[in-house]
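Reviewing the structure listed below.
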Amino acid sequence: MNNNLKIYMLTLVSFFVGTSQFAVVGMLDKVAASVGVSVSTAGQLITVFALANAIGTPVVIMATSKMDQRKQLLMALIIILLGIVATLALSGFGFLLVARIVLGVGTGIFVVTAYSIAAKLAPPGRQGGAMSNVSMGFSASLVFGVPLGRIVSAAYSWKLIFWGIGLFSLLAIFAVARMIPVMESEASVPLGKRLAFLKNPKIAATLVVTFLVFASYSVVDTYITPFLATVMPTMERNMSYILSAMGIASVIGSKLGGFLADRIGTVRTLIGSMIVQVLTFALLSVVSEPVNITIMLLILWEIAIWSFGPTQNFNLVSIAPEASGIVLSLNSSFVQLGFAAGAGIGGIVVGGVSIMATTWVGAVSVLLAVAVAVVSLGRARSLSSSRR
């Protein structure tokens, strides 16, 4: 089998791996009902997954740095399969939390290793395209994973989708063992060296902005199905279509971010994205009728938040081009920490105030991000002027 087909195989596996993360969002209320907890409590399934991904992944990657990358990929898939088995076989919310932690670690290891392997399989000069193909698999899981979870859980049991992911994970283990050649791991960068980049004020401020923006996203997105059920209670049958439209909007946003960054600049694109997020949150808080307006605002919000993501990656690389891998890895961890914090805070808000208050919390978080970005830019300009 040629290397292009191997890369596409990794893309397909990436879709199912990503679906194990995002499908829960589309069926959170069904999961909550099945284990006898509130929706706000069930939201902690998103929190523990993201925390395990952000914290556990670099630890395990460094601990297994002497292992070749094919073995790392197989290890990741085995961990994911164990998480799926635990999800299906064990009952009770506590065991479900443990299963999500296992899945979070396995998914994180797979993501990091799959990117590296795809780049090595690609011919010279096409490494970026190979990595973007793998990324496409994860993007597709965001587009289709959430509505797929909703459709399956509404028609059958929410566990059915995990049966499918588990079966495919088992097949993927055999496929990787047979198709992916042995590849030496890259030199492991010590944790202390990675964290040393946080001493750079510009990098630290940029990562704080990432954290705040994705915390705001998670506050609302984690509870998007109960939010939609509250705003449009008569449209339960159409919820999967709305979630699909939001997923497609996220892909459009990713493309739009790169386009705008090239046309109007990185900083303007980032600030513009955050301003649009604040405005859509504010409008969602006060406008619920007609329903079509709410749907359009949610789609606009998805476009805005996902135009932020790739642009922020480019922004970080431009700050520290000599250590792009490290800063992008840190940014990924801060994205996951934002997911975890947002899901946790959202659960408190939903349980203690109301589901509608999540949009206000999201707006405040993005406003804080704008403030940090503006202050950071001001300091950078002051330092630049003083050096002249």
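Where a number appears in this text, it was derived from the coordinates with a stated rule and is not lab data. Treat the numbers as computed from the prediction; the structure is a model and nothing was measured. Reconstructed Cβ throughout: ideal geometry from the backbone, glycine too, with neighbour counts over all protein chains shown.
Structure values in brief
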| quantity | calculated |
| --- | --- |
| Relative contact order (%) - criterion: Cα under 8 Å, at least six apart; region: the chain | 25 |
| For peptides 253-265, 100-112, sequence by mean Cβ density within 10 Å, most packed first | 100-112, 253-265 |
| Once the Cα gyration tensor of the stretch 225-308 is diagonalised, semi-axes √(5λ) in Å | 26, 14, 7 |
| Cα-derived Rg to Rh of the stretch 39-102, Kirkwood definition | 1.04 |
| Peptide ranges 307-314, 239-246 listed from the most packed, as the mean C-beta count within 10 angstrom indicates | 307-314, 239-246 |
| 222 nm mean residue ellipticity, helices alone, for the chain (DSSP H n ≥ 4; -39,500 (n - 2.57); rounded to 500) | -28000 deg cm²/dmol |
| Net charge over other residues, Cβ less than 12 angstrom from the Cβ of Leu90 (K, R count +1; D, E count -1) | +2 |
| Cα-centre dipole for the chain with unit charges at Cβ (Lys and Arg positive, Asp and Glu negative), debye to 20 | 940 |
| The stretch 1-188, relative contact order in percent, only Cα pairs under 8 angstrom and at least six apart counted | 41 |
| Label zone at Ser157, where the point sits 7 Å out along the Cα-to-Cβ direction: the stretch 51-94 residues whose backbone N lies under 20 Å | 81-94 |
| Residue (of Phe339, Thr359, Val327) at the positive-pole extreme of the chain, dipole from beta-carbon charges | Val327 |
| Farthest positive-ward along the chain dipole, Cα basis, beta-carbon charges - from Val143, Ala86, Ala371 | Ala371 |
| Spatially near lysine pairs across the chain, Cα under 22 Å, sequence gap of 8 or more or different chains | 7 |
